[in-house]
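Down below is the structure, laid out as structure tokens.
The values are calculated or read from the model by the stated rules, or taken from the named source; none is laboratory data. What you see is a predicted model; the values in this text were computed from it and never measured. Counting neighbours? That spans all protein chains shown, and the Cβs are built from the backbone with ideal geometry, glycine included. We work out accessible area using only protein heavy atoms, side chains counted, and drop any ligands, DNA or RNA first. Shrake-Rupley method; radii C 1.70, N 1.55, O 1.52, S 1.80 Å.
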Amino acid sequence: MQEWLAGQARVRARRGIVRHTTPRTGWGAAPLDLASNDYLGLAADPRLQAAGIAAVGSYGTGARSSRVVTGTHPVHAELESELCALTGQPAALAFSSGYTANLGILTALGGPGTLILRDEHAHASLIDGARLARSPLAAFGHQDLDSLRRLLAQRTQPRAVVVVESIYSVLGDAADLPATARLCAEHDALLVVDEAHGIGVAGNGRGAVHAAGLAGAEHVVLTATLSKALGAQGGAVLGPPALREHLVNTARSFIFDTGLAPAAAAAAAEACRVIAAEPDRVAAVGRNAALIAAGLGIEQAAGAVQSVPAGTPDRAAGLAIRLEDSGVLVGCFRPPSVPDGVSRLRLTARADLAPEQLRTATGLINSLLAATEVPA
Ligand SMILES: Cc1ncc(COP(=O)(O)O)c(C=O)c1O
């Protein structure tokens, strides 16, 4: 085993895809963070912190058991109700993470009688959920609705689930939800929309499904993470009450998992209220996204995530390291996280960044991109 581990490490080093878990300190101070998913700057907001601390006082530091044993606390019901109020969905079920929410919905709906069709850029948690579901599976081209239509038309299974992200986590582009939902309705398929990067950002913070007028549509279900714009931790599935009831009874990543920590649930519930009350915070993400895109001469993507193609894994990793050395943190996405093989820098347009900071960062990125450009 030791020899095999060393061999695997050498392969990763050769391919330029080594990952690190470097501890970060001093959030809010230097370095400039263009990498995290705290899109609204709520992770350090005193109101969320106070809500979390109060929940620890009321319920303790952990939920103590699964939600279906003794681990459901009033704060979970409060969170689920706030999530419904924000997104316009009729029912919600909180999970311990966005990852387990995606595993839960796809395993609970899947099986041999359910065809699962996913966009090829769907997040790893959606891919893992689809695989665990033991369903027949296929990926359609990124945002390619013709290819989705062909796959739906060939289906032989009684049920079909189509899986997309409202705003894609690495590319930052937005799914065409109205057209995808129409296609699903025509083929009697359920549309599962992962709103990890949509809630708190798209549609005045209420998410892209709400903005598309699809909140409450019976054939559209959404999943969420509480760990990005909501500044907390955890996940949720939102949709019809019958689906919630089915998940409580069959989703293994809900039943066989300790309930979401009360502090995280309370902080996320508070984040929902802040988002509804402070539209300018949400609008600031769009303004900062425009500044990043203009500064880098790229097309502005739909939400907070702005994606800069960087070529090879080595070049992308080298750029990220040099930026970090200069005090700017950016995300670096390399295969297998990018199915098209194009490594990318991923910049997030957080609401609490100042225009001057963004000008400095984009100037630096431009000069490093030019200095490392490979002649054609
Ligand atoms: C699109 C998408 N779905 C799901 C997740 C998982 O969410 P969580 O970090 O809450 O497990 C993420 C984040 O990593 C994501 O980007």
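Which percent of the accessible heavy-atom area of the chain goes to carbon and sulfur, probe 1.4 angstrom?
Roughly 55 percent of what the probe reaches on the chain is carbon or sulfur.
Could you tally the net charge around Cys332, taking each other residue with its Cβ under 13 Å from the Cβ of Cys332, Lys/Arg +1 and Asp/Glu -1?
Its environment carries a net charge of +4.
Where does each of 344-354, 296-306, 314-324 land if you order them by average Cβ count within 10 Å, highest first? Working shown, then result.
Working: 344-354: 22.7, 296-306: 20.1, 314-324: 18.5.
Result, highest mean first: 344-354, 296-306, 314-324.
Kyte-Doolittle mean at least 1.0 and Cα extent at least 30 Å along the axis: which DSSP H helices of the chain qualify?
Qualifying helices, which must be both long enough and hydrophobic enough, do not occur.
Could you order peptides 271-282, 1-12, 126-137, 192-203 by the average number of other Cβ atoms within 10 Å of their residues, highest first?
192-203, 126-137, 271-282, 1-12
How high is the relative contact order of the stretch 46-277? Use alpha-carbon pairs under 8 Å, at least six apart in sequence, and give a whole percent. Mind showing how you got there, number by number?
Details: 509 pairs, mean separation 76.4, N = 232.
Once normalised by length, the contact order is 33 percent.
Nearest 500 deg cm²/dmol is fine: what mean residue ellipticity at 222 nm does the chain get from its DSSP H runs of n ≥ 4 alone, each adding -39,500 (n - 2.57), divided by its residue count?
On the way: 14 runs with 164 residues, N = 376.
After summing the helix terms and dividing by the residues of the chain, the value is -13500 deg cm²/dmol.
Take the alpha-carbon centre of the stretch 285-344, take the same for the stretch 139-210, and report the distance between them in whole Å.
Value for the Cα centre distance between the two parts: 24 Å.
Got a sec to turn the phi values of the stretch 190-197 into Karplus ³J(HN,Hα) couplings, 6.51 cos²θ - 1.76 cosθ + 1.60 with θ = phi - 60°, whole Hz, x for Gly and Pro?
So the J values, rounded to whole Hz, are 8, 9, 9, 10, 7, 9, 3, 10.
Sum up the charges of everything whose Cβ sits under 15 Å from the Cβ of Val201, counting Lys and Arg as +1 and Asp and Glu as -1, but leave Val201 out.
Residues close to Val201 contribute a combined charge of -2.
Gain in length, Gln8 to Ile298, computed as 0.36 nm per residue apart minus the alpha-carbon separation, to one decimal in nm?
That pair, Gln8 and Ile298, stretches by 100.8 nm at full extension.
Accessible area per residue, 1.4 Å probe, Å², for the stretch 163-277: what's the number?
For the stretch 163-277, the solvent-accessible area averages 32 Å² per residue.
Among Gly286, Gly207, Gly60, whose mean-square fluctuation peaks in a Gaussian network model of the chain (Cα, cutoff 10 Å)?
Judging by the Gaussian network model, the answer is Gly60.
How far apart, in nm, are two points set 7 Å out from the Cα along the Cα-to-Cβ line at Leu132 and at Ala77?
Taking the two extended label points, one gets 2.8 nm.
Which whole-number value in Å² is the accessible area per residue of the stretch 53-138, probe 1.4 Å?
Per-residue value: 39 Å².
If you restrict to DSSP beta bridges whose two residues both lie in the chain, what percentage is antiparallel, to the nearest 5?
The answer is about 50 percent antiparallel.
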